[in-house]
Every structure is written in structure tokens, then in C-alpha cells.
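Have a look at the structure below, then the notes.
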Amino acid sequence: MRVLQEWKIIKTNRNGKRQERVLGIDGSKIYNSKRLDKQRVLASSQVTHRERDILEVKTIEISGNDNKSFKIKYKEASKGEHEYTCETQQQCQEIVGKVQFIMGLNKQKEEQLRRGTIF
């Protein structure tokens, strides 16, 4: 399951600034990139953390009253917690559901490895 799916989202940074981003998810990673417009194609298109392994995610959950926002908390405390806002409730549910599904698969694999039932 390595199909990359992307959504336009708003990431709220540590200082409370809202940043337009494209969030991508495949079978193992979460990707974060700036949205590029025609006037800023070459201007500072890098982000601090371009990708993170889904294995690093501690929790992901829908937050806020509008059901368009979600938070990702990472296992390593220094990586903190990130808040994102989607364009629609459906997008939010898709993102959270996809990451939770992959986290569940990873947990099953870990348990099978521990029991020695996977080669």
C-alpha cells in the first residue's frame, strides 16, 4: 500500500500562525509541503520536516467543534503535537482514518513479529 494521496490543508505552527500546506500520506509516511502558486514557484519551497514516518505517530484524532481539524501527537516528545484544518469534514475523516488504519497494520505486524508468526 504505497499509493500517495494528498489533501490541501492548513497547518497551525507552534506560534499559532496558519500555513497553507499539502499533506500527503502513503503506506508508511506523512508528507508536508508548501502549496505553490505561480508567483512563488522557486521561492522558499522547503519546509522544516518534509516527511515523517507513520511509525513515529503516537495518536491522531479529530479535534475542534467543526470536525474539520485534527491533531497528530508524536511518540517522541520533542516532535510535539501538530494541528491541521481541512477544507471539509470528509477530508478530515479520510486523513485520520487512513493514518489510524496504517497504524493498526503496523501494530499487527509488530505483534506477529513478537510471536514469531511472520517471516
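FYI, it's all coordinate maths here, none of it is from the lab. What you see is a predicted model, and the numbers here were worked out from it, not measured in a lab. Positions of Cβ are generated from backbone atoms using ideal geometry, with glycine treated the same way; all protein chains shown enter the neighbour counts.
Straight-line cross-link reach from Lys11 at under 22 Å between alpha-carbon atoms covers these lysines, not counting any fewer than eight positions away in the same chain: Lys29, Lys34, Lys38, Lys58, Lys68, Lys71, Lys73, Lys75, Lys79, Lys98. Pairwise Cα distances in the chain exceed 17 Å in 59 percent of cases.
Compute, for segment 67-119, the length of the dipole vector about the Cα centre, with Cβ point charges of +1 (Lys, Arg) and -1 (Asp, Glu) only. Units Debye, rounded to 20. The partial results should precede the final answer.
Working: 10 positive and 7 negative charges, 52 e Å.
Approximately 240 debye in magnitude.
Across segment 93-104, rounded Karplus estimates of 3J(HN,Hα) from the backbone phi angles (6.51 cos²θ - 1.76 cosθ + 1.60, θ = phi - 60°) give 5, 4, 4, 4, x, 5, 5, 4, 4, 5, 4, x Hz, Gly and Pro being marked x.
What you get for the chain, charging only the Cβ of Lys and Arg (+1) and of Asp and Glu (-1), is a dipole of about 300 debye around the Cα centre.
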